[in-house]
């Protein structure tokens, strides 16, 4: 009796841990895969924090981004369906054994603002991430120790098909979102967002207070000061840092500042308040930009001139790179300077195209889907692309989930039918 109770408790605990791990890994792998460039930027932050920039080749962050998303998603599928019961639990324990101490170091040293484990969908603090990983590590150990209590949802006959479809599905999602744009945009520049409103602090909210601290040296001794107790000139300046003095409301959009390269004028307000349409060609680095849509970009600029729309190229590139781009593409449109991180956040394409009106994002295109002359055959007011193209979150979720769930459900149904047919034949043979 006591052994039966113990067996049931172990079975229930293993099942709960298995499904919690499965759902977390599926979600984590999915949000990484729908934004492979965002995951690449986060991995690059880690590499920079470790000082490993010279160790890894340029292609490594993107390759690691895709592989990490695929790995987590597939592990989640394996755990959920109870397949690969030797490999999946061991791989999960190994992954969590690496990530847990890593996130502890991040929480203590704070080299990056957040781990990016759930992309921009769910942003956790560094300590929150560490404790989350501690719980997941404990769960993965439970699943590994009592993996014999895992009940598969499919037979061995078709478990390979589940594994194969899960891999092909998430890899296809990653490739599609890299070529186009993320199917879910969790950043503050999503279609329908008003950039100006995203920069404002709501009434009643207090902004975060920052304090600058100065590290000074005197007689071989370093000491930290603030502006309130800054010492005399006998101290030598060493370094400075800005810290949060009091937590407050942080607007989702910051560092949105557009400076025209031609004369250095700040045209941010002019762009955001324009009652007409404005095209923003976004390229954080022109030297790395895909030049396959050069003709389309020039046609877009000509179209803008014809109908009186503003057109700006936003970049953080050097003047030398801008000149090279102009010489190689024949670009005549105006260039504006902008923060590199802001440009990467605005759109996951280099170059990418945004259409805004009165500060509201109307449309976004990757370099692989820029509108052409056949689509731009009239004023934007008369065209569908001049209207917001945002589909409901529920609709997108149903579509993405259906492509994943329905084929797996079909495989499971086929497996059940085959198993029942096999049992029927076995029963007949025994008679």
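The values are calculated or read from the model by the stated rules, or taken from the named source; none is laboratory data. Note that the coordinates shown come from a computational prediction; the quantities given were computed from them, not determined experimentally. Counting neighbours? That spans all protein chains shown, and the Cβs are built from the backbone with ideal geometry, glycine included.
Find all pairs meeting these conditions: Cβ atoms under 7 angstrom apart; at least six residues apart or on different chains; first residue within the range 373-385 and surrounded by 13 or more Cβ atoms within 10 Å (Cβ to Cβ); second residue in a helix (DSSP H, G or I).
376/303; 379/307; 380/386
Residue check, residue 188 against (1) assigned to a helix (DSSP H, G or I); (2) in contact with a helix residue (DSSP H, G or I) (Cβ under 9 Å, 6 or more places away or on another chain); (3) at pLDDT 90 or above, all met but one. Which one?
Here residue 188 clears every test but (1).
Going through 129, 92, 151 one at a time, which residue ends up being over 25 Å from residue 252 (Cα atoms) and under 27 Å from the mean Cα position of the chain (by Cα)?
On the way: 129 fails: over 25 Å from residue 252 (Cα atoms); 151 fails: under 27 Å from the mean Cα position of the chain (by Cα).
One residue alone meets the criteria, 92.
Do any helices (runs of 4 or more DSSP H) lying entirely in the range 215-332 carry at least 1 residues that are in contact with a helix residue (DSSP H, G or I) (Cβ under 7 Å, 6 or more places away or on another chain) and within 30 Å of residue 203 (Cβ to Cβ), and which ones are they?
Values: elements: 268-273, 294-307, 319-329.
Fully inside the range 215-332 and qualifying: 268-273.
Name every residue in the range 231-248 that is closer than 30 Å to residue 122 by Cβ and either surrounded by 12 or more Cβ atoms within 10 Å (Cβ to Cβ) or without any contact (Cβ under 8 Å) to a residue 12 or more places away in the chain (or both), in order of residue number. Walk me through how you get there before you give the answer.
Within the range 231-248, the subset closer than 30 Å to residue 122 by Cβ is 241-248.
245, 248, listed by residue number.
If you go through the range 423-431 one residue at a time, do you hit one that is surrounded by fewer than 16 Cβ atoms within 10 Å (Cβ to Cβ), in contact with a strand residue (DSSP E or B) (Cβ under 8 Å, 6 or more places away or on another chain) and part of a helix (DSSP H, G or I)? Show your work before the answer.
Of the residues in the range 423-431, the ones surrounded by fewer than 16 Cβ atoms within 10 Å (Cβ to Cβ) are 423-431.
Subset that is in contact with a strand residue (DSSP E or B) (Cβ under 8 Å, 6 or more places away or on another chain): none.
The answer is no; no qualifying residue exists.
Regarding the range 230-239, can at least one residue be identified that is modelled with pLDDT under 85, out of contact with any strand residue (DSSP E or B) (no Cβ under 9 Å at 6 or more places or on another chain) and farther than 30 Å from residue 81 by Cβ?
For the range 230-239, residues modelled with pLDDT under 85, out of contact with any strand residue (DSSP E or B) (no Cβ under 9 Å at 6 or more places or on another chain) and farther than 30 Å from residue 81 by Cβ: present.
Scan the range 161-186 for residues that are over 21 Å from the mean Cα position of the chain (by Cα) and in contact (Cβ under 8 Å) with a residue 12 or more places away in the chain and jot them down. Show your work before the answer.
Within the range 161-186, the subset over 21 Å from the mean Cα position of the chain (by Cα) is 161-165.
The answer is 161, 162, 163, 165.
Determine, yes or no, whether residue 419 is without any contact (Cβ under 8 Å) to a residue 60 or more places away in the chain and either surrounded by fewer than 12 Cβ atoms within 10 Å (Cβ to Cβ) or in a helix (DSSP H, G or I) (or both).
Values: without any contact (Cβ under 8 Å) to a residue 60 or more places away in the chain: no; either surrounded by fewer than 12 Cβ atoms within 10 Å (Cβ to Cβ) or in a helix (DSSP H, G or I) (or both): yes.
In short, no.
Just to be sure before I move on: is residue 322 within 31 Å of the chain's Cα centre (by Cα) and surrounded by 20 or more Cβ atoms within 10 Å (Cβ to Cβ) in the structure I sent? Steps first, answer last, please.
On the way: within 31 Å of the chain's Cα centre (by Cα): yes; surrounded by 20 or more Cβ atoms within 10 Å (Cβ to Cβ): no.
Spelling it out, it is not the case that residue 322 is within 31 Å of the chain's Cα centre (by Cα) and surrounded by 20 or more Cβ atoms within 10 Å (Cβ to Cβ).
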